[in-house]
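The values are calculated or read from the model by the stated rules, or taken from the named source; none is laboratory data. For clarity, every value in this text was computed on a predicted model and none was experimentally measured. Using ideal geometry, Cβ is built from the backbone for each residue, glycine included, and neighbour counts are taken over all protein chains shown. Ligands, DNA and RNA are stripped out before the accessible areas are found, and what is left, the full protein with its side chains, is counted by its heavy atoms. Shrake-Rupley method; radii C 1.70, N 1.55, O 1.52, S 1.80 Å.
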Amino acid sequence: MVDSSVNDFLSQYKSISNKLKKRFLRKPNVAEPSDQFGALGVQCERDEMPQYAGLCYLAVSRCEAALNNPTGEAWAQAAISSLGRAGLLWPSEPERFLAAGLALETGTVLRTDRPHQSAASLVTAVNLLTDHPPLQLHALLDLASCRIRMGDLDGALSVLSQTVSVVEMIADPPFGIYADILLSCEVSRVLLLLLLRPPPQLLPAHLTAVLERYSWLGDTTECPVAWMCEDLYMTLQSLVMACQSQDSHSLISVEGELWKHLDSLQRTLLRCLVDTVTSASDN
């Protein structure tokens, strides 16, 4: 790839992007930048720069979405095509980062309407960022969320465990944002394990340890998880105990206590768990 071509692309891309910035008391004209991003994408295709074309097509997709125009999805598909043809450039470090960014953007654009293709793009991003764990975490978290939205709970559990391994490799002991990520993964894995109820003999040791931290056989005198507050730990322990005993009344009570600690996807998992246990106890 010729440096002058890249510099020219970046200059044009930035110029078009500036037109989308809000001006005082005036909304940007989204239609014009959309057309210009599309034209720049076609130019990049002709110059055999598919990864840059993909960036343009994703920009068009976002513009069309802002205009409530369904053709935005078609542009997102064009971005996926460009991503595939950019594969030959991935061994080079700058292009590798760009391809990973493109894969992340594609996954975001397709998240609602085409979750399976979104997941495929996010898997690509995860693989491209293997040598850069801090950057890989973003792709892993997005992929785990995508798996949950797809209903692929086993897949989500696997991705969350991979996320925990990456965090532990980066920060031991965890701190700041890494502790927050571990906390989120811990709560999500507990909910997923309670929903999936895998046979104990088939459960890997690291997942067995997750449930054991909250089982009634554990020590309740202190929180064994350094990056979790005692209130959340006790609530999760109550949740696990209620599910293990199929106590639907206790579970409903715990749901209210746990709700404030959860994000939207975790709340969806909790609601499914409560419904599942309640239905089983009624029968």
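Of note:
- Restricting attention to region 44-67 and to residues that are out of contact with any helix residue (DSSP H, G or I) (no Cβ under 8 Å at 6 or more places or on another chain) and in a helix (DSSP H, G or I), the residue that is surrounded by the most Cβ atoms within 10 Å (Cβ to Cβ) turns out to be Ala66.
- Only a single criterion out of (1) over 20 Å from Val164 (Cα atoms); (2) at pLDDT below 95; (3) open to solvent by 10 Å² or more (accessible area, probe 1.4 Å) is not satisfied by Thr268, namely (2).
- Among the numbered conditions (1) farther than 11 Å from Pro50 by Cα; (2) more than 13 Å from the chain's Cα centre (by Cα); (3) at pLDDT 70 or above, the only one that Val109 does not meet is (2).
- Annotation: of all residues in region 149-166 being among the hydrophobic types (A, V, I, L, M, F, W, C) and over 14 Å from Val126 (Cβ atoms), the one that is surrounded by the most Cβ atoms within 10 Å (Cβ to Cβ) is Leu157.
- Of all the listed residues (Asp152, Asp131), the sole one being within 14 Å of the chain's Cα centre (by Cα) and charged (D, E, K, R) is Asp152.
- Complete set of residues in region 233-253 that are open to solvent by 10 Å² or more (accessible area, probe 1.4 Å) and either touching a residue at least 60 places away in the same chain (Cβ under 8 Å) or not polar (S, T, N, Q) (or both): Met234, Met241, Cys243, Asp247, His249, Ile252
- Every residue from region 118-148 that is surrounded by fewer than 17 Cβ atoms within 10 Å (Cβ to Cβ) and within 22 Å of Val210 (Cβ to Cβ): Pro133
- From the list Leu193, Leu258, Leu262, the one residue that fits, being touching a residue at least 40 places away in the same chain (Cβ under 8 Å) and either open to solvent by less than 50 Å² (accessible area, probe 1.4 Å) or more than 26 Å from Val159 (Cβ to Cβ) (or both), is Leu262.
- Answer from Pro224, Pro200, Pro173 - the residue that is open to solvent by 70 Å² or more (accessible area, probe 1.4 Å) and within 24 Å of the chain's Cα centre (by Cα): Pro173
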